[in-house]
Amino acid sequence: MITVEEVKKLRADYMKAQDADDVEACLAYWDEEGALMPPNEPIVQGKEAMRPWYVRRFNQIRHGVDIHFDDFLVSEDWSMAQGRFEGSFIPRDGSDPIEVRGKYLELHKRQADGSLKFYRHMWSSDLP
């Protein structure tokens with residue numbers, strides 16, 4: 001059975017990789033068939049499609065975002081987390097930080113090796 005603590009650890013470890021702008025480390029937390037669903041962009045399906053998305057993202061901004069969990073559903077091989085985020089994106093071009101605040105929904109899948117990885121991740125802004 002997947003535990004809430006396991007989901008929180010997955011998210012915390014991933015956030016360290018994201019904050020370090022480490023594309024390969026971020027990809028290591030994803031299922032091969034995972035999908036990012038960013039706002040105002042098409043779905044990014046599969047780890048290989050995610051690589052250029054992460055490279056572009058990390059070249060554009062640094063993340064300064066805090067994650068808050070609001071709800072969990074867990075089962076033997078699947079889990080879901082719902083929550084909120086807030087903070088800022090710091091543009092690499094030196095322009096002013098961009099305030100961000102919104103909500104997210106993510107699905108996680110137990111892997112054959114027993115690890116837990118992201119399967120879907122969707123987020124949207126609460127700001128205009």
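The values are calculated or read from the model by the stated rules, or taken from the named source; none is laboratory data. Quantities reported herein were computed from a predicted structural model and do not represent experimental measurements. With ideal geometry, Cβ positions are generated from the backbone for all residues, glycine too; neighbour counts draw on all protein chains shown. To get the accessible areas, we keep the full protein, side chains included, count just its heavy atoms, and leave off ligands, DNA and RNA. Shrake-Rupley method; radii C 1.70, N 1.55, O 1.52, S 1.80 Å.
Annotations
- Among 33, 76, 86, residue whose mean-square fluctuation peaks in a GNM of the chain (springs only between Cα atoms under 10 Å): 76
- Set of aspartates and glutamates near residue 109 by C-alpha distance (under 13 Å), chain-local residues within fewer than 8 positions excluded: 6, 31, 32, 33, 76, 77
- Cα gyration tensor category, rounded, prolate or oblate, for region 39-128 with a/c compared to 1.5: oblate
- Region 31-79 and region 15-29 have their alpha-carbon centroids 11 Å apart.
- When the Gaussian network model of the chain links Cα atoms closer than 10 Å, the mean-square fluctuations of 93, 22, 13 top out at 93.
- The portion of the accessible surface of the chain made up by carbon and sulfur, rounded to a whole percent, is 53 (1.4 Å probe; DNA, RNA and ligands excluded).
- Equivalent ellipsoid, region 1-53 (semi-axes from 5 times Cα gyration tensor eigenvalues, Å): 20, 14, 11
- Distance (nanometres) between label positions extended 7 Å along Cα→Cβ at residue 15 and residue 93: 2.9
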